[in-house]
Each structure stands twice: as structure tokens, then as C-alpha cells.
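Just below is one structure, and these are the notes that go with it.
The values are calculated or read from the model by the stated rules, or taken from the named source; none is laboratory data. Not measured: the values here are computed from a predicted model. Neighbour counts run over all protein chains shown; Cβ positions are idealised from the backbone, glycine included.
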Amino acid sequence: MNTRIRCIATAALALLLSGCLEDEYKVITVISTDGTCERVITVRREKKTLPDGAFPVPADSTWQCEWTLAKKADSTSKEADNVYTARKRFADFDALAREYPVQHDSTRFSISVNVQKKFRWFYSYYDYTETYARFDPLHVPVQPSAFMTEEELRQFMSSEVPDSTLEKKWNRWDQRNMMEWAFGRLVDAVRRRNDPGLPVSIFEQNKERLIALLGDDTTKGSNHQDFAGKTANDMAGLLHLSADAVRLLVPDLDSIGSQALKRMEITDKAKGSYTNSVVMPGVIIATNAGEVRGTTVVWRFTHEHFALMDYPMNVESRVVNLWAIILTAFVVIVVIGVPVFLRRSSIV
């Protein structure tokens, strides 16, 4: 997001994240007919340290955890990535669901997993649902529908790599969110001060002009020390207000910049590539996954997907109950065959 408010945050984050690549998260869940299941989570990193990200990477003793080395995607490179693997077997489907309780921390992903087995005599149906709740640390003031149609949202959510047009719309929505958030904090600050020289109505009436001012992509004001003062002077000229009155907002503008940095840090913790694979028993009969390989379904997505809305993953499979078929055939033979045999025997 190229915004003046975010210039402060960008400079600090550039130092923090320079040289680092986005983490790669992979989850494989295997569902078994006996009611047990296994989950394997891997994270590919440049450094041998667990990521301080939004994704819940398990590290407790109930998981089997280990570090290994793996060749980089570029086969010509002699360097290797560090791969963290966590593996756990669950006694039943409910145990897997309990591994992901409701998350009240807005800086962490809220993930829910639900597996249901439905017995239908000749067949047993297995319904797997996993959902990444919308990651919304900003408490997004602008809904995605303001920038994308319902069909475009559907296309974006179903595409592993959205096309450039949808990507641009996502970026505009993302930028507008930060500006709406910053403007909201600015108006709150003006209202708290209750200064006759700073009429709230003037700020509200000039919302779009102020947002444009805050989003002015220039090198001026990119220094944290002069950002607030420079922006206050620009606001005074824009709103035709006393410079001295507007400069009362300097501490508030400085605070908005600091809060923007913190919120960017939280948002950036979600960045990465995600691959979620589920191995189902029997035959796949329905799924919203983008890839199906035999009994395995695969979803690939990024933080951009569940920044827009909840990201649900569903798959249903069907298993033939061979014992039910045999038992049914036996009963049919007994019910129909035995009377016939007895009648023939009586005739003889």
C-alpha cells in the first residue's frame, strides 16, 4: 500500500524483513475408516527458527516435531531451506476438532476442522470441512464488495493465482482499508479534543480530500520525525484552518503512524503460501478443491484469500460397506431361498 501513513511502517519493516522470504506452510490430513486421523504440518524457512506468524505451528510434546534440510526450489542453488515438520495422530475425529478451539486472539488464525461419518448401510459417507476464518486484524471498515462484484469475489477465492485485474482490485481494496482506518482514527482524535478551532464537521465533509492527502505517495514525510508535522501543515492548508490549531493533532498523527506500523506487522504475519491436502477414504464424490488426485484433494492459497472472507475447504467421500452387501445378500438368500427349498422338499 503506497500511502503516506504507511511510509513510516514501510521503512521499519524493510529493515525487519529484508532478505527474508515468505514462509511456505503445508498441511496434510489423512482420514481413516476406523475413525482415526493423522495431521502433518510442515513449514519451510530460511532460518532454523519457528515463525512468529499468524498460522498456529504446533510445538508442544503431543506432536512429533523435527527439523530437516531440503533443497531450495532453485535446483542450481547449493543452499538448503530448513523444514520444520510436526506430526500427530488423533484417536478420533473429535480429537482433531478439539486441536483447533475458537480463537479469540485477532493476531492469530482461527481455524476450525470438522469431520463427520454418515452410515447409510451399503455406503458410509465421510464429510470433511476445514475453514480459515477471515483474518481481519484491522477490523476492516470497507467490505470487499465495494471493489469486486460477487462473481469477481468468487473467481478470486477459487483461483490459486488470481489474474492481474482482480489482483489490482484487491490491492485497491487493501489500500482503501488502511486509509479508512487512518481517517477514522483522525476523526476520533479531533472529536476527543473538542476544540472549536478543529470542527469535526470540517474533517468529515473533506473525507475524500483528507484520504487523498494521507495517501499522497511522496518521499516527503516518510521520515517518522517529520511525518506528523508535515501532514498537520498540509491539513491546515487543505481545510483552511489555523495552522496552530491543526498542529495540536501532531501527537495524534504520530500515534496513528505508530499504530499503523503495529497493524502492518500483524497483517504481515499472515503472509505466506499455503497448501492444504486431505486424503479421504473411498471415492471422492464432491469437493471445492482446485485439485483432485485420486483420494487426495488439494487447496493452494495465500493470505490474500482469507483477508477477503472465510476460506472454507470441503470434501466428501463414499466408502462401500462390503460387509453390508454380503450380509444383505445372505439375508435375501435366507428369506427367499429357504422357503423355496422347504416347499420343494415338501413336494418331494
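Side notes on the structure shown:
- In the set (1) in contact with a Cys (Cβ under 9 Å, 6 or more places away or on another chain); (2) modelled with pLDDT of 95 or more, Thr218 fails one condition alone, (2).
- Filtered by the rule that a residue be of a type in the set (A, V, I, L, M) and either part of a loop (DSSP other than H, G, I, E, B) or touching a strand residue (DSSP E or B) at 6+ places or on another chain (Cβ under 8 Å) (or both), the stretch 197-214 gives a lone residue, Leu198.
- Within the stretch 131-155, tally of residues that are in contact (Cβ under 8 Å) with a residue 24 or more places away in the chain, more than 12 Å from the chain's Cα centre (by Cα) and crowded, with 17+ Cβ neighbours inside 10 Å: 7
- Some residue of the stretch 136-146 being in the same structural domain as Cys37 (by TED's automatic domain parsing) and over 30 Å from Arg185 (Cβ atoms): no
- Subset of the stretch 278-308 [closer than 27 Å to Lys169 by Cα and buried (at least 16 other Cβ atoms within 10 Å of the Cβ)]: Ala289, Val298, Trp299, Arg300, Phe301, Thr302, His303, Glu304, His305, Phe306, Ala307, Leu308
- Matching entry among Trp181, Trp170 (being assigned to a helix (DSSP H, G or I), under 20 Å from Ala228 (Cβ atoms), among the aromatic types (Phe, Trp, Tyr) and in contact (Cβ under 8 Å) with a residue 40 or more places away in the chain): Trp181
- Flag if Val115 is within 30 Å of Thr328 (Cα to Cα), surrounded by 15 or more Cβ atoms within 10 Å (Cβ to Cβ) and β-branched (Val, Ile, Thr): yes
Residue-by-condition table, conditions (1) buried (at least 17 other Cβ atoms within 10 Å of the Cβ); (2) over 30 Å from Ile256 (Cβ atoms); (3) modelled with pLDDT of 90 or more:
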residue	(1), (2), (3)
Leu13	no, no, no
Gly19	no, no, no
Gly35	no, yes, yes
Arg44	yes, yes, yes
Phe90	yes, yes, yes
Asp105	no, no, no
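- Asp52 being surrounded by fewer than 15 Cβ atoms within 10 Å (Cβ to Cβ), part of a loop (DSSP other than H, G, I, E, B) and at pLDDT below 90: yes
- Matching strands (runs of 3 or more DSSP E) fully within the stretch 271-335 where at least 1 residues are free of Cβ contacts under 8 Å to residues at least 24 places away in the same chain and of a type outside the set (D, E, K, R): 291-293, 296-302
- Summed over the stretch 245-290, residues that are at positive phi and in contact with a Ser or Thr (Cβ under 6 Å, 6 or more places away or on another chain) total 1.
- Gly257 being closer than 29 Å to Cys37 by Cβ and touching a residue at least 24 places away in the same chain (Cβ under 8 Å): no
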